[in-house]
Every structure is written in C-alpha cells, then in structure tokens.
Amino acid sequence: MSSSESSKRVVSGMRPTGRLHLGHYHGVLKNWVRLQHEYECFFFVADWHALTTNYEHTADIEQYVFDTAVDWLAAGINPNAATLFVQSRVPEHAELHLLLSMITPVSWLERVPSYKDQQAKLNDRDLSTYGFLGYPLLQSADILIYRAGNVPVGADQVAHVELTREVARRFNHIYGREPGFEDQAEAAVKKMGKKAARLYMQLRRAYQEQGDAAALEKAQALLAEQQNLSIGDAERLFGYLEGGGRIILPEPRVLLTEQAKVPGLDGEKMSKSYNNVIEIREAPESTREKIRTMQTDPARVRRQDPGNPDVCPVFSLHRIYSSEEVCRWASEGCRTAAIGCVDCKGPLIDAITREQTERRERAVQFEQDPGLVHTILREGSEKARDVAKETIEEVRAAIGISG
Ligand code: TRP
Ligand code: SF4
C-alpha cells in the first residue's frame, strides 16, 4: 500500500458496552457516518479492550458486540461504504501488539494519563493487570496494523494516538534501518524517472537543510503519485526524505472531530455507569418519560420563577437538537417564565423520538435476521484481515522472523 492510500484510511474502534446512547451518537457515530463517504473506513468492535477492564464479566460480551453492530447500522453506518468488524476476529492485531510490546518501554505506558485516571476512577475493579497497562499499546496495534493515516477520536483518546506515533517512530527507527539503506534508497530515486527524481532530491534537500515543511509535503505528494515504485521502495523513499530509515508503520494523525457534549438525565455527562442515558434506539414512551422527569435548572422551583437555560441540561439538548428559532423560544421563554419546563421539553421530545423511530425502523431487519449482522461482521473481518496480513508480513520481515 502506498502512503497516499494510508492518508485516506481511517480506523476507529468502540468497546462493546451494550446499547449505545445519545452520547455515543453525537460524540462518535455521527462523525463516522460522515467519514465513511470521505475515507476508506475500518470500524471495529473492540472486544479485547472490553476485557482489559472487565475480564471477570464476559457473559454479556457477545450480545454487546451484536447490539453495538446493530446500533451502528441503525445510526446510518453503511457496510457497503465502511468495513465493520470485530477486533478478536483479526488475530493479527494481537501479534502486532506482542511485537510492539518488545520495543515499548513500560514507562511510556505508565505515563499515559488514562492509566492512573481509570485506576482511580474505577476503583472497584482490578486494574493492576498486565493487560490493562497494555491497553493503549493494543490500541496502537489496532491502528498501525491498517497503516491508517487518520484516527477519529475525542479528546480523551488523543494521548493514545500520540503513543501510537511514538511507537511507530521507534519501530521504524529500529527495524527500518536495513543494511545498505542509502544505496537502496538512491537506486529507488532513479526508478522515478529523471524529472521526478530531480524534484524529489531538491525537495528533500530543502526539507533537510532548511526544515522547509512545505517541501516535505510536496515531496510526499510526489511520492504518492508514483505508479512504478514497489511498496518497499516507496517506504524507503518516505523514510529517506525525512532522514530516517524505511517507514514500515506510518505515524497516524488524530482526526479531531466535533464532539457535542451530551448531558445525561441528571445533568452529568451521559454515561451508562451513571445510569442517566437515553439510548439511540429507545422506545418513544420511555424516552418521553425520561425527558419529562429530566433535571432542569434547579433554581426554577415554581412555574412562575424565571430560569437560567445556561445551567439547564434540557437546554443543552436543545442546542443539539433544535433550530435556532426553537432555541430562542426556549431561552427567552425560560428567562421570562413565559413557558414552563413541560412546554420547553415538548419539541425536544419530538425531535429525539423522531430520530429514534428512524433508527428503530432501520434496525428491524437486523433484529429479525441476526444472521445478516453476523454475515456483515464476518465479511468485514475477512476484509480487514486481508489488509492486516499484509502489514504483519512486512513487520515480520522487517524484524527478521518471517520464516
Ligand atoms: N480506546 C477507545 C475508546 O475507549 C476504543 C479503541 C480501541 C480505539 N482501539 C481503537 C479507538 C483504535 C480508535 C482506534 O474509545
Ligand atoms: Fe430548562 Fe427549559 Fe425549564 Fe428553562 S424552561 S429550566 S431551559 S427546561
């Protein structure tokens, strides 16, 4: 695979935790739905990652994997546009994780902020395991096995992608320096043809001698256009450009996506562990009841008291779901006590249940025929595996254990 393909490739995963809620939708899924048309997307259910924090409770995991997949499909992820699969069906993730573990200093993992944060937060669980320490490195393997250029994640995952970049850099540094690298790179330059070769060398010099970042980008684009370079030669030339060895595992970038913060029913962040969620496919009656009793501005005790939408979680949902006009109506009505909270919640209930109904309709065929979902995941896993195998073979060869 060339690096231009890598830059158009997206990979992201989600742990199976049961039915997805509106926080997942506005935080992650909505972006995936958009990205599936712009990039070559690999989306997977991270069932091994679920084990790292929950190894004792595995009874529901298969059901959760299934529910997660149905929720994705219901939310508008199209299996013809994106590759959907299950992490544990692609064992190459595990092999790459193992190989990366050989070169990853323990201190890098201990330094990842989520390590100590989660240990403090989830203090009822046993997180003193080897697997939990390795959580972000497994995530690195998930990303690097597809040589993906982009990882759409929220702010809480940025440190994990950062680690991935460091590990990739270290890997390339250690295993990309084959004997005779310079000679091989120079031979590869010649294969580009005179004109492209001259331009490549000029741009390389501009980058290496003057740190010209634009020249680096131009040279990378030039390489990406080359049709007659082998994968190995392309890797050499990408590395040679930056003054290193062969780039076997390209460093991915975070694709920072817009993430609306969705408040839960109690005003805290929406989260299953807080028991304050509205599911993306929840039934209308239950949604209506939840919003009816949802937390509002606590200072607005009586109907005639004016309220403050800025401290009201209901209004935060309006910002996500309602038009500007409805938001203005709610905000002004609240501040002047012209409307009551019941009135205010009305259009929100309508908007949320309308979306849920659409998703429930989309999910019917999958719930009636679970085999359809299993087929999608099996075919997706096979497709992912084909790509993963290519990478792992190159990785083995670079290390020198290809057999
Ligand atoms: N750690 C991610 C989360 O909790 C899930 C995940 C696992 C992931 N592997 C990944 C995300 C690879 C992006 C890429 O949300
Ligand atoms: Fe919240 Fe609306 Fe009630 Fe104001 S009127 S407190 S914004 S629910």
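What the table shows:
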| quantity | calculated |
| --- | --- |
| Selection from region 116-150 of residues that are of a type in the set (Val, Ile, Thr) and surrounded by fewer than 23 Cβ atoms within 10 Å (Cβ to Cβ) | 129 |
| Candidate set: region 318-334, residues that are within 8 Å of ligand 2 (Cβ to nearest atom) and not hydrophobic (A, V, I, L, M, F, W, C); chosen: the one surrounded by the most Cβ atoms within 10 Å (Cβ to Cβ) | 318 |
| Qualifying residue in region 58-69 (condition: modelled with pLDDT under 95 and under 21 Å from residue 129 (Cα atoms)) | yes |
| Pair list, Cβ under 9 Å, 6 or more apart: region 368-392 residue surrounded by fewer than 18 Cβ atoms within 10 Å (Cβ to Cβ), other residue assigned to a helix (DSSP H, G or I) and of a type in the set (S, T, N, Q) | 372/365 |
| 2 or more residues within 16 Å of ligand 1 (Cβ to nearest atom) and in contact (Cβ under 8 Å) with a residue 24 or more places away in the chain: qualifying helices (runs of 4 or more DSSP H) within region 122-212 | 130-133, 135-144, 158-175 |
| Given (1) farther than 30 Å from residue 265 by Cα; (2) more than 18 Å from the chain's Cα centre (by Cα), number of the condition residue 115 does not satisfy | (1) |
| Qualifying positions in region 335-354 - surrounded by 17 or more Cβ atoms within 10 Å (Cβ to Cβ) and charged (D, E, K, R) | 345 |
| Qualifying positions in region 218-271 - more than 22 Å from residue 158 (Cα to Cα), among the basic types (Lys, Arg) and in contact (Cβ under 8 Å) with a residue 24 or more places away in the chain | 236, 246 |
| Residue pairs meeting the criteria (Cβ under 8 Å; at least 6 apart or on separate chains; first touching a residue at least 24 places away in the same chain (Cβ under 8 Å), in region 295-323; second within 16 Å of ligand 1 (Cβ to nearest atom) and in a helix (DSSP H, G or I)) | 320/26 |
| Tabulated pairs, region 1-25, first outside the structural domain of residue 57 (by TED's automatic domain parsing) and modelled with pLDDT of 95 or more, second more than 12 Å from ligand 1 (Cβ to nearest atom) and not hydrophobic (A, V, I, L, M, F, W, C), C-beta under 7 angstrom, 6+ apart or interchain | none |
| Among (1) surrounded by 15 or more Cβ atoms within 10 Å (Cβ to Cβ); (2) under 30 Å from residue 66 (Cα atoms), the one test that residue 358 misses | (1) |
| Tally, over region 62-99, of residues that are aliphatic (A, V, I, L, M), closer than 21 Å to residue 363 by Cβ and surrounded by fewer than 19 Cβ atoms within 10 Å (Cβ to Cβ) | 1 |
| Some residue of region 328-343 being aliphatic (A, V, I, L, M) and in contact with a Leu (Cβ under 7 Å, 6 or more places away or on another chain) | no |
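Condition check ((1) within 16 Å of ligand 1 (Cβ to nearest atom); (2) under 30 Å from residue 306 (Cβ atoms)) across all residues:
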residue: 335; (1), (2): no, yes
residue: 351; (1), (2): no, yes
residue: 355; (1), (2): no, no
residue: 359; (1), (2): no, no
residue: 366; (1), (2): no, no
residue: 374; (1), (2): no, no
residue: 380; (1), (2): yes, no
residue: 391; (1), (2): yes, no
residue: 400; (1), (2): no, no
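Conditions tested, residue by residue: (1) more than 30 Å from residue 392 (Cα to Cα); (2) charged (D, E, K, R); (3) in contact with a His (Cβ under 7 Å, 6 or more places away or on another chain).
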residue: 248; (1), (2), (3): no, no, no
residue: 278; (1), (2), (3): yes, no, yes
residue: 282; (1), (2), (3): yes, yes, no
residue: 292; (1), (2), (3): yes, yes, no
residue: 297; (1), (2), (3): yes, yes, no
residue: 330; (1), (2), (3): yes, no, yes
residue: 336; (1), (2), (3): yes, no, no
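The values are calculated or read from the model by the stated rules, or taken from the named source; none is laboratory data. On a predicted model such as this, the values are computed, not experimentally measured, just so you know. Cβ coordinates were reconstructed from backbone atoms using ideal geometry, including for glycine residues, and neighbour counts include every protein chain displayed.
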